[in-house]
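Encoded as structure tokens, the structure appears first; notes follow it.
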Amino acid sequence: MLKSMLRNKLVRFIVMPVIVLVLLVLVGGGWYFSGVLEEDGLRVDNSDPENSVSVVAISDDTITLKQLPGAEEEESLSISAIWGITDGANYGRLGHVLSESDGDITREFEYMLGRFGVGDEAYLDRTSFPHNPTHEGLAFEEVVIPSDIGDIGAWYFPVSSSPGEGERTSDLWSIVVHGRTSNRDTALKIIEKLDNHRLVIDYRNDEGAPSSESGYYDFGTTEWRDVEAAVRYALKNGAKKIVLVGFSMGGGVVVNYQLKSDLAEHTVGIILEAPMLNFGRTVDKGAEERSVPAPITAMAKLFTTLRFGVDWNELDFLSHASDITVPVLLIHGDADDTVPIETSIEFAAKAPKVDLNTYEGVGHVAAWNWHPQEYETLVKEFIERVR
């Protein structure tokens, strides 16, 4: 009897409160982090990055920069790779790190647009090109593509082949799809290497484009219809073969298009860099980076479904990888802290025609910045192979 009474008291005063506390932590933490997920992941963001560095000294071929106090740490500042630097008006390109001293970092530098001065504040830009192809001297035109949700803007670059090659290339079009919070200028690093007709498209929720019905990024579950609209536009203008190019979330958009569209039969190849093929796995990685315990992450995903209507199964394109039967050039850095490289490795193992290229120490969608010549060669050779 005494043992039974003690056991009941133990359950009542110790075990039950612990269980209640754990549940409160799970529910409270899950609710909180579902809000973080909504703000940092689902919510549409077309704003420019905030300035993170200031100019300490500058010449025609070098620039010295330092981190702005209180700004988000700019990890790329001390990485010897190609980066852009801009204040939204002026633009330059950073090369190798030459020296570091007391937080001042001196790098190779070239002007591309405008001029900087000592004391100017700016941010580093992965694009590494001024944000308008006019500055690159490329022939292009703005076009409008009708989609199911409204008109979508795009850059159209006509074929740039040598005389006598027109017949060989005129029926091949590439359609380039940028990632979340990025825009069309993502394509500028490879636009000439694609060497065919090219459409670089916006999609729903981009600045100036129609909003999605959810009001959030849908991570490919609706945006694929904008790719379909672009393919339809290309076919009406003489295309017979399509190469799809997708970066980050744009990679997931491209893959879901290939899985769902009736026009997918025209696809002859796909180029992907750091594609977001399973949004749930990407969220897991982000939570891990923030040291969020797995049970709270699971609860946050449940609340995200209840609060914001996210269907995690619908966002899993990786499980359908075996249905992607066209040739795929897949590029991913193993230091990617946004999209787990493991999803690309799994995709390459499941899809039958994937050429996977991984890069040691390279972050999210930064393989060109570290290895531009190799990257461009991969793209050019792939286009020739599927042409």
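Looking at ILE105 and the list (1) in a strand (DSSP E or B); (2) touching a Phe, Trp or Tyr at 6+ places or on another chain (Cβ under 7 Å), which single condition is not satisfied?
ILE105 satisfies every listed condition except (2).
SER59: surrounded by fewer than 20 Cβ atoms within 10 Å (Cβ to Cβ) and either within 26 Å of THR134 (Cα to Cα) or in the same structural domain as GLY361 (by TED's automatic domain parsing) (or both), yes or no?
Numbers: surrounded by fewer than 20 Cβ atoms within 10 Å (Cβ to Cβ): yes; either within 26 Å of THR134 (Cα to Cα) or in the same structural domain as GLY361 (by TED's automatic domain parsing) (or both): yes.
The answer is yes for SER59.
Take THR343 and decide whether it is within 17 Å of the chain's Cα centre (by Cα), part of a helix (DSSP H, G or I), under 24 Å from ILE324 (Cβ atoms) and of a type outside the set (A, V, I, L, M). Before the answer, list the steps.
Working: within 17 Å of the chain's Cα centre (by Cα): yes; part of a helix (DSSP H, G or I): yes; under 24 Å from ILE324 (Cβ atoms): yes; of a type outside the set (A, V, I, L, M): yes.
When the stated conditions are applied, THR343 passes them.
Pick from GLY246, GLY286, GLY309: which is among the small types (Gly, Ala, Ser) and farther than 29 Å from VAL362 by Cα? Give the derivation first.
Values: GLY246 fails: farther than 29 Å from VAL362 by Cα; GLY286 fails: farther than 29 Å from VAL362 by Cα.
From the options GLY246, GLY286, GLY309, the qualifying one is GLY309.
Among the residues in segment 246-268, are any out of contact with any helix residue (DSSP H, G or I) (no Cβ under 7 Å at 6 or more places or on another chain) and hydroxyl-bearing (Ser, Thr, Tyr)?
yes
How many residues does segment 341-378 hold that are over 17 Å from SER76 (Cα atoms) and surrounded by 22 or more Cβ atoms within 10 Å (Cβ to Cβ)?
4
Checking VAL243 against (1) buried (at least 23 other Cβ atoms within 10 Å of the Cβ); (2) closer than 23 Å to ILE149 by Cβ: exactly one of these is not met. Which one?
The single condition VAL243 does not satisfy is (2).
Please determine, by comparing only the residues of segment 250-282 that are of a type in the set (Gly, Ala, Ser) and within 15 Å of the chain's Cα centre (by Cα), which one is nearest to VAL362 (Cα to Cα).
ALA274
Of all residues in segment 166-224, count the ones that are part of a helix (DSSP H, G or I) and either over 21 Å from THR134 (Cβ atoms) or outside the structural domain of GLY269 (by TED's automatic domain parsing) (or both).
To start, the set of residues in segment 166-224 that are part of a helix (DSSP H, G or I) comprises 166-169, 184-189, 191-194, 224.
Keeping just the survivors that are either over 21 Å from THR134 (Cβ atoms) or outside the structural domain of GLY269 (by TED's automatic domain parsing) (or both) gives 166-169, 224.
Number of matching residues: 5.
The values are calculated or read from the model by the stated rules, or taken from the named source; none is laboratory data. Since this is a predicted model, take the numbers as computed values, not measurements. Using ideal geometry, Cβ is built from the backbone for each residue, glycine included, and neighbour counts are taken over all protein chains shown.
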